[in-house]
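A.B. asks: If you scroll down you'll find the structure; I have some questions about it.
Taken together, the values in this text are just the output of simple stated rules run on the coordinates, not laboratory data. Quantities reported herein were computed from a predicted structural model and do not represent experimental measurements. All Cβ positions, even for glycine, are placed from backbone atoms using ideal geometry, and neighbour counts span all protein chains on display.
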Amino acid sequence: LVGIAAAAVARAPDLLAEDTVRLAWACAKLQIKSPELLGALEGQLLRHRRSEAITGPALPNVAWSVATLGTTSPRLIAMVDEEAKKRTLTWGRRDFAPQELANAAWAFARLAIPSAHEVLREISRVSQAQIPDFKPQELSNLVWALATADAKDRSSNLLCRKAASDAAARAA
């Protein structure tokens, strides 16, 4: 893995936005925490963000990757926060899969982004109609995110009640 990380660092400037997002996800999944690679990824993610090449569908993956890697980079966390806020009104305009919604909610709560309440409220609203499609782990992650962010708005409370009802129905 060290050799792969070194090769990725060398090629980072050539990566397209979607390749950078995939590489960040792979590093998070494999727990590759090479400081050089993480620095190169941070630079590329910020560069692609400035060019608006990181689109809405990629944001849940970027947020999950950043949170899973345990980054403390203020610039990356600020980027995730700003992109999440910018897209708050579009969560319902795209068909996000339950896993994307759960991963995004988990990441936003884990990173403690400043706009977590606002973003989680919208994710809660969008998720309500999809609760039967959520896997138990996804529902658990979503409810955990709401509890961690101390989301107590109407939409979050309704989602938690629906999730509990769905879990009870599945167990019966």
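A.B. asks: Over what distance in Å are the Cα centres of the stretch 94-172 and the stretch 25-52 separated?
C.D. replies: 26 Å
A.B. asks: Which lysines does Lys29 reach when only Cα atoms under 23 Å apart count, and residues fewer than 8 places away in its own chain are ignored?
C.D. replies: Leaving aside lysines fewer than 8 places away in the same chain, those within reach of Lys29 are Lys135.
A.B. asks: When the label point is put 7 Å from the Cα of Ala112 along its Cα-to-beta-carbon vector, which residues of the stretch 27-67 have a backbone N closer than 15 Å?
C.D. replies: Correct set: 67.
A.B. asks: Where Rh denotes the Kirkwood radius from the mean inverse Cα pair distance, what is Rg over Rh for the stretch 1-139? List each step's numbers first, then the result.
C.D. replies: On the way: Rg = 14.9 Å, Rh = 15.3 Å.
For the stretch 1-139, the value is 0.97.
A.B. asks: How much mean residue ellipticity at 222 nm does the chain get from its helices, if each DSSP H run of length 4 or more adds -39500 (n - 2.57) and you divide by all residues, to the nearest 500 deg cm²/dmol?
C.D. replies: -22500 deg cm²/dmol
A.B. asks: Work out how much length Ser140 to Ile4 would gain on full extension: take 0.36 nm times their residue separation and subtract the Cα-Cα distance, in nm to one decimal.
C.D. replies: Stretched out fully, the Ser140 to Ile4 stretch lengthens by 45.6 nm.
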